[in-house]
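A short worksheet on the structure shown next.
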Amino acid sequence: MAKTCWSPPSVADSQSERPTPGAGETLLRVSGLTTKYGAISALRDADLHVNTGEVVGLIGPNGAGKTTLLGTIAGLLAPDAGTVVFKGDDITGAPSEQLLRSGLSLVPEHRRIFVDLTVEENLKIGGFTLPKADRPALLDEMAEQFPVLREKWTTPAGYLSGGEAQQLAIGRALMSKPDLLMMDEPSLGLAPLLVDVVFDLIDSLRASGRTILVVEQNATRMLAAADRAYVLRSGEVVAEGSGDELLARSDLFDTFVGG
Amino acid sequence: MTELLQNLIDGLGRGSIYALLALGVAVIFGVMHLLNFAHGELITVSGYAAMWALTSGVSWWLAVPLIIVVSIATSLVIERVAFSRVRGASDFTLLLTSFGVHFVVQAIFLLYVSASVKNFPRPGWVSNTYSIGSLKVEWFDTVVILVTLITLAAVTYLLQRTMFGLSLRAAAADFDTARLMGVNSNNVIRGAFALSGLLAGIAGVFWLMRAGQTQPSAGIDPMLKGVLAALIGGLGSLRGAVLGGFVLGLAEVVLRSQLPDSIASLTEGVVFALIALLFIFRPGGLITVAHAERV
Ligand SMILES: Nc1ncnc2c1ncn2[C@@H]1O[C@H](COP(=O)(O)OP(=O)(O)O)[C@@H](O)[C@H]1O
Ligand SMILES: [Mg+2]
């Protein structure tokens, strides 16, 4: 399988009106976020922030609440308490379709590509909120940046391999020109070689100035790739720090596999 | 041979109407997982509108757009008043709600209009025929088949080539993920009900032209045909629904002409028995919708 050749896309052309905070300034701030499923709090009083230009990792064992956290930020789940501030706006509880327009895009857990739609159609729907005239250029950009996808442009996405599907899911999310790209376990279920492709992709996205929040169970790889990271356990943020700091804390890794 | 060809044309004419009805049922099922037992009510309501217009001297030329517009509007109103309240509920709740709508609409006409059958004039050309060799073809069937083909082509274009169609297909496959892409759920669902109403409206025009009458329970028959055809084709598959409509129309016509006279009146029952058989061998209908992501 071909490796992704990623040429940095322009980052400064988000579709939202509001200016993106400059490099190093706070892009996303989550404060005291609590989300419950019925009586069970899957996420408790979580604090987290992402600065423009950073790659931030979110690691933790299965069931820690990572997907719940991303889902709540992305407007798929309604929080029971706390706030989410994005680009200075309080977006707590806003529906996901509105959040996408303001520059927040999620690559969901298990990729969730549309298997009956072709590769091209999947990408097109990723750019659903764009003005019609902007779509062709972005499609060309994606075809260039993901050669694997270009080869299967008119193939139904259900026929893609896991690695190809993951690239499609990421390309689809990039189609909306997000200011913040969130990914939920992009390496899940992939063969080791394809896990490399995903982390290479994260590296090149960072090199091109993208801001990314990634959930991973592959903790050591994630900490090596991230500027900063948070550790989530039983719904609570239990540690935060630079990738290197957290890697050095062996106590964090006793309780879950994935290192 | 001639008889078979004759059956084929008659069956395609009948099947066209079923295909339009089934496609409307399948579109709604696709986006909402709602098996709409109130689909026939679109024809009940537009049938009364046609009756009032035609019996007060309005021509069929004006009744045709009226039927279509009333059908679309009814579809949107039913969505707003009933189905929007149970969005995301269990399939069973949705099913019960659609039964509820079916009975409420029927009751409204029973209480406030009349329990009896209301007649209206049919267009004169409905029973005209022309001959090709020894075949006798109805102008009506010819028009129905042509209009259906044009409609299906237009719907295919809408679904395959427009952003609205794409969002509809994406939402049908995975609503949450479609919303993540910025697809607005209200727009998709209302669009689906408008499309379903349009298709029922076109089918309704032909249904009413042929029937020349309406009554409170007029929706049951078209609803049954549409739902059955969608089931035959495999619920969730739009192509399957169209195929199911044509299969159902052909089966009815062929059976009626081939069965011995003594049981020809039981055609309906025989069709049901065949459908039951189909589901024993292919529980998912003719076209099975597969949703598996290969890893
Ligand atoms: N839809 C749901 N209904 C009820 N409980 C849920 C649901 N989704 C997740 N949970 C529970 O919430 C907790 C956090 O889940 P999740 O956010 O998916 O964790 P992670 O992504 O870290 O593996 C788990 O205990 C899980 O069982
Ligand atoms: Mg998860």
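Total residues in the range A:26-46 satisfying the condition of being within 15 Å of A:Leu213 (Cα to Cα) and surrounded by fewer than 18 Cβ atoms within 10 Å (Cβ to Cβ): the figure is 2. Pairing each residue of the range B:88-101 that is assigned to a helix (DSSP H, G or I) with any residue that is acidic (Asp, Glu), provided the two are 6+ apart or on different chains, yields C-beta distances under 8 Å for B:Val101/B:Glu41. The single residue among B:Ala22, B:Ala63, B:Ala38 that is closer than 20 Å to B:Gln213 by Cβ and not aromatic (Phe, Trp, Tyr) turns out to be B:Ala63. Residue check: is A:Gly71 open to solvent by 30 Å² or more (accessible area, probe 1.4 Å) and within 13 Å of ligand 2 (Cβ to nearest atom)? No, not satisfied.
Exactly one residue out of B:Ser185, B:Ser116 is within 21 Å of B:Phe83 (Cα to Cα), touching a residue at least 12 places away in the same chain (Cβ under 8 Å) and among the polar types (S, T, N, Q): that is B:Ser185. Residue count for the range B:242-265 satisfying the condition of being at pLDDT 80 or above and open to solvent by 80 Å² or more (accessible area, probe 1.4 Å): 2.
For the range A:49-67, what are the residues that are surrounded by fewer than 24 Cβ atoms within 10 Å (Cβ to Cβ) and within 16 Å of ligand 2 (Cβ to nearest atom)? Matches in the range A:49-67: A:Pro61, A:Asn62, A:Gly63, A:Thr67.
Residues being open to solvent by less than 10 Å² (accessible area, probe 1.4 Å), more than 8 Å from chain B (Cβ to nearest Cβ) and more than 18 Å from the chain's Cα centre (by Cα): count how many of those fall in the range A:110-128.
1
Restricted to the range A:186-216, and to residues there that are touching a Ser or Thr at 6+ places or on another chain (Cβ under 8 Å) and within 16 Å of ligand 1 (Cβ to nearest atom), the residue that is nearest to the other protein chains (Cβ to nearest Cβ) is A:Val215.
Reported count of residues in the range A:136-158, each being free of Cβ contacts under 8 Å to residues at least 12 places away in the same chain and closer than 18 Å to B:Thr162 by Cα, is 2. The single condition among (1) more than 16 Å from ligand 2 (Cβ to nearest atom); (2) open to solvent by 10 Å² or more (accessible area, probe 1.4 Å); (3) not aromatic (Phe, Trp, Tyr) that A:Gly189 does not meet is (1). Does B:Ser114 qualify as being modelled with pLDDT under 95 and either over 30 Å from A:Gly126 (Cβ atoms) or open to solvent by less than 60 Å² (accessible area, probe 1.4 Å) (or both)? In short, yes.
Among the residues of the range A:82-100, is any within 19 Å of A:Met142 (Cα to Cα) and either of a type outside the set (Asp, Glu) or within 11 Å of chain B (Cβ to nearest Cβ) (or both)? For the range A:82-100, residues within 19 Å of A:Met142 (Cα to Cα) and either of a type outside the set (Asp, Glu) or within 11 Å of chain B (Cβ to nearest Cβ) (or both): present. When A:Ala133 is tested against the conditions (1) assigned to a helix (DSSP H, G or I); (2) exposed (fewer than 15 other Cβ atoms within 10 Å of the Cβ); (3) away from chain B (no Cβ under 13 Å), the lone failure is (3). Checked against the criterion of being in a helix (DSSP H, G or I) and either modelled with pLDDT under 95 or more than 15 Å from A:Phe128 (Cα to Cα) (or both), the range B:128-137 contains not a single residue that satisfies it.
Counting the residues of the range B:168-210 that are more than 14 Å from chain A (Cβ to nearest Cβ) and surrounded by fewer than 20 Cβ atoms within 10 Å (Cβ to Cβ) gives 3. Are any of the residues in the range B:51-66 part of a helix (DSSP H, G or I) and under 23 Å from B:Val227 (Cβ atoms)? No, the conditions are met nowhere in the range B:51-66. The residues of the range B:76-104 that are open to solvent by 70 Å² or more (accessible area, probe 1.4 Å) and aromatic (Phe, Trp, Tyr), listed by number, are B:Phe92, B:Phe99, B:Phe103.
Counting just the residues of the range A:12-25 that are open to solvent by less than 50 Å² (accessible area, probe 1.4 Å) and under 18 Å from A:Leu99 (Cα atoms), which one comes out modelled with the highest pLDDT?
A:Pro21
The residue that is nearest to A:His110 (Cα to Cα), counting only those in the range A:155-180 that are within 12 Å of chain B (Cβ to nearest Cβ) and among the polar types (S, T, N, Q), is A:Gln166.
The values are calculated or read from the model by the stated rules, or taken from the named source; none is laboratory data. Worth saying up front: this structure is predicted, and the values here are computed from it rather than measured. Methodologically, a virtual Cβ is constructed for each residue, glycine included, from the backbone with ideal geometry; neighbour enumeration extends over all protein chains shown. Each accessible area value is taken on the protein alone, full model and side chains, heavy atoms only, with ligands, DNA and RNA left out. Shrake-Rupley method; radii C 1.70, N 1.55, O 1.52, S 1.80 Å.
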